[in-house]
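To start, the structure under review is shown below, and the notes come after it.
Where a number appears in this text, it was derived from the coordinates with a stated rule and is not lab data. Everything numeric here is computed off the predicted structure, so don't read it as measured data. With ideal geometry, Cβ positions are generated from the backbone for all residues, glycine too; neighbour counts draw on all protein chains shown.
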Ligand SMILES: Nc1ncnc2c1ncn2[C@@H]1O[C@H](COP(=O)(O)OP(=O)(O)O)[C@@H](O)[C@H]1O
Ligand SMILES: [Mg+2]
C-alpha cells in the first residue's frame with residue numbers, strides 16, 4: 001500500500017484494513033473503505049459503534065493498531081516527522097460536535113489565525129479571506145463578536161468557516177448538529193449542503209437522515225466497529241440489507 | 001507611642017527605603033521590591049516550563065520536574081533557603097551573594113507553586129481546544145503558544161498577583177542569610193535604638209501590610225473583572241478554569 005498517487009487519483013481517502021483497540025476493547029475491526037474525490041459520504045450507526053473513532057483516525061487525532069489510511073496517496077499513519085503530519089492535517093478540515101472554537105479570539109480571528117500561523121498567509125489577506133468565508137456562512141455581521149456571544153448554530157458555522165479557511169480538499173464532520181437545539185440544525189445543514197453542491201469531498205457522521213437522503217452519494221452503516229453496509233441513500237432507506245441496519249432505521253423513525 | 005514611631009520614621013526613613021546605599025549595598029524596601037519583582041518575573045516563565053514538563057508525554061522530562069515540584073511544595077521555604085545557602089557554595093565552590101541565593105530559591109519555590117496553577121489552567125481547558133488546534137495543522141508548541149496558554153494564563157492573572165504578594169512576604173526570610181532587605185534594615189534600626197523594638201517592628205508590619213494589601217486589592221478587582229468578562233465570553237470550561245486560580249487568590253491573604 002505505498003501510494004505515489006497523482007492528484008488525478010480518483011480516491012480522496014482510502015482506509016485499508018484499519019483496526020483499533022482501547023485496551024482489550026476493539027473499537028474498529030478491519031475497516032476497508034474509500035471516499036472518492038467530490039463524493040459525500042454519510043456515516044451512521046448506533047451510539048458507541050465507533051463512528052467518532054473512525055473519523056478521528058483519518059486525521060490521526062486517534063492512532064490505529066494496524067492498517068493504513070491514505071490521503072492524497074500518503075499514509076497518514078506512517079511514521080513521519082510531526083511537521084509532516086501537521087502539514088497533512090492542515091489539508092483535512094474537521095468539524096467537531098462541540099464546535100471547539102477558540103473562546104479568547106474574536107470570530108474573525110478564529111477563522112484567520114490558522115492560515116496565518118500554520119500556512120504563513122499574510123495577516124491582511126487571511127483577514128479578508130476570513131470575512132469572505134464568514135459572509136458565506138451567513139455571519140459577516142458577527143465577525144468581531146466572541147464565540148461566547150453566539151448561538152450554537154452560529155458557532156458551528158464559524159467552525160466550518162474556520163476549517164474552510166485552510167482550503168482543505170476534504171472535510172470531515174463528526175455529528176456537527178448533535179449538540180444543537182433543533183431550530184438551529186437547519187442553518188448548519190444548509191451550509192453543508194452548499195459545500196456539497198460545490199463539489200467538496202465530505203465525510204459526515206450524522207443522524208440527520210434528511211440530509212443523508214438529499215446530499216449523500218453513499219451511506220456507510222457502522223455497528224460494533226464494522227462497516228456492515230455501504231449503499232446509496234435510495235438503497236439504504238428503501239431496502240437496507242443488514243438486519244442491524246433495518247433495526248437502526250426502524251428505531252430512527254420512532 | 002505614635003510620636004516615637006513618627007520620630008523613628010523621620011530619622012530612619014532613608015535607611016528603611018534604600019538601606020546603606022550608596023555607602024553600602026542597596027537594601028531596605030527598594031531591595032525588597034526588586035527582589036520580589038525579579039523573583040516573580042523569573043518564576044512566571046519558569047512555572048510555564050515546569051507545567052509543560054509536567055504534562056509532557058516524555059517521562060525524562062515529566063518525572064524530575066514532578067519530583068522537584070512535590071519536594072518544593074512539601075518543604076518549608078526556610079529549609080530551602082538554608083540548603084541553598086550552605087549547600088550551593090559547597091557543591092560549586094563559588095561564593096554566591098546572598099541576594100542571588102535568595103532570588104534563585106524564591107524563583108524555584110514560587111515557580112513550583114505557580115506551575116500547579118498553570119497546569120490546572122491547561123488541564124481544565126479539556127481536550128477539545130488541543131484537538132481543534134491539531135486538526136487545523138498547528139504544532140504542539142504552536143497550539144500551546146497561541147491557543148492553550150493565552151486562555152490558561154489569562155485566567156491566572158489574579159493568582160500571579162497573589163503569588164507576588166506572598167513573594168513579598170517570603171522575602172523577609174532572606175533575613176536569616178543576611179539579604180539586606182526591609183526587614184534587615186528595620187532590625188538595624190532596632191539595634192541602634194535598642195529600647196523601642198515594639199515601635200520599630202510595628203512600623204515594619206505597617207509597611208508590609210500597606211504594600212500587600214494594595215496588591216491584593218488590585219488582584220481582587222482584576223479577578224472580578226475577569227469573572228465578569230469570561231461570563232460574557234467563554235463557555236462552562238472557561239468558568240471552571242477560572243474557579244481554581246480565583247480560589248487561590250482569595251486564600252492568600
Ligand atoms: N479514549 C477512549 N478510551 C476507551 N474507550 C473509548 C475511548 N473513546 C471511545 N471509547 C469507546 O469506543 C467506543 C466507540 O466510541 P465512539 O467512536 O465515540 O462511538 P460513536 O461516535 O459511534 O458513538 C465506545 O464504546 C466508547 O466507549
Ligand atoms: Mg461520536
query = Percent relative contact order of chain A, based on C-alpha pairs within less than 8 angstrom and at least six residues apart?
reply = 25 percent
inquiry  = Can you compute the modelled spin-label distance between residue A:197 and residue A:19, with each label point 7 Å from Cα toward Cβ, in nm?
reply    = 4.5 nm
query = By DSSP, what percent of the beta bridges with both residues in the protein assembly as shown are antiparallel, rounded to the nearest 5?
reply = 55 percent
query = In deg cm²/dmol and to the nearest 500, what is the mean residue ellipticity at 222 nm of chain A if only DSSP H runs of at least 4 residues count, each as -39500 (n - 2.57), divided by the residue total?
reply = -11500 deg cm²/dmol
10 Å Cβ neighbours from other chains, averaged over peptide A:91-103 = 5
ask   = Tell me, what is the FRET efficiency for residue A:151 and residue B:123 to the nearest 0.05, using R0 = 30 angstrom and their Cβ-Cβ distance as r?
value = 0.60
Taking region A:1-144 and dividing mean pair separation by its residue count, relative contact order in percent (alpha carbons under 8 Å, at least six apart) = 20 percent
query = To the nearest whole number, what is the average tally of beta carbon atoms from other chains within 10 Å of the beta carbons of peptide B:136-147?
reply = 6
query = Between residue A:141 and residue B:55, what FRET efficiency comes out of the Förster formula 1/(1 + (r/R0)^6) with R0 = 25 Å and r the beta carbon distance, rounded to 0.05?
reply = 0.05
task = Could you compute the FRET efficiency for residue B:213 and residue A:125, with r as their C-beta to C-beta distance and R0 at 51 Å, rounded to 0.05?
result = 0.50
query = What average number of partner chain Cβ atoms lie no more than 10 Å from the Cβ of the residues making up A:104-114?
reply = 3
ask   = Where is the GNM fluctuation largest for chain B (alpha-carbon springs, 10 angstrom cutoff): B:135, B:205, B:185?
value = B:135
note = From DSSP H assignment alone, runs of 4+ in chain B each adding -39500 (n - 2.57), the sum over residues rounded to the nearest 500 puts [θ] at 222 nm at -27500 deg cm²/dmol
query = Which of these, B:106, B:26, B:202, has the largest mean-square fluctuation under a Gaussian network model of chain B (Cα springs below 10 Å)?
reply = B:202
message = Compute the helix-to-body angle for A:123-136: its Cα long axis versus the longest principal axis of chain A, expressed 0 to 90° and rounded to tens.
response = 60 degrees
request  = Label region A:1-101 by shape, choosing from rounded, prolate and oblate, from the square roots a ≥ b ≥ c of the eigenvalues of the Cα gyration tensor; if a/c is under 1.5 it is rounded, and otherwise prolate applies when a/b is larger than b/c, oblate when it is not.
outcome  = rounded
query = Using the Cα gyration tensor of chain A, with a ≥ b ≥ c the square roots of its eigenvalues, what is the shape: rounded (a/c below 1.5), prolate (a/b larger than b/c) or oblate (neither)?
reply = oblate
Candidates B:96, B:165, B:46, ranked by Gaussian network fluctuation over chain B, Cα under 10 Å, top entry = B:96
query = Between region B:200-226 and region B:34-62, what's the alpha-carbon centroid distance in Å?
reply = 26 Å
Convex hull volume per residue in cubic angstrom - Cα atoms of region B:2-201 = 152 Å³
ask   = Relative to the longest principal Cα axis of chain B, at what angle does helix B:149-170 sit, 0 to 90 degrees, rounded to 10?
value = 20 degrees
request  = Based solely on C-alpha atoms, express the radius of gyration and the Dmax of the protein assembly as shown in angstrom.
outcome  = 30.1, 102
note = Relative contact order of region B:2-201 (C-alpha contacts under 8 Å, at least 6 apart) in percent is 32 percent
ask   = Could you give the angle, 0 to 90 degrees to the nearest 10, between helix A:152-164's Cα long axis and the longest principal axis of the Cα atoms of chain A?
value = 90 degrees
Estimated inter-spin distance, residue A:66 and residue B:206, nm [label 7 Å along Cα→Cβ] = 8.1 nm
ask   = Can you give the % of DSSP beta bridges in chain A that are antiparallel, to the nearest 5?
value = 55 percent
query = Given the C-alpha centroids of region A:135-173 and region A:223-254, what is the distance between them in whole angstrom?
reply = 32 Å
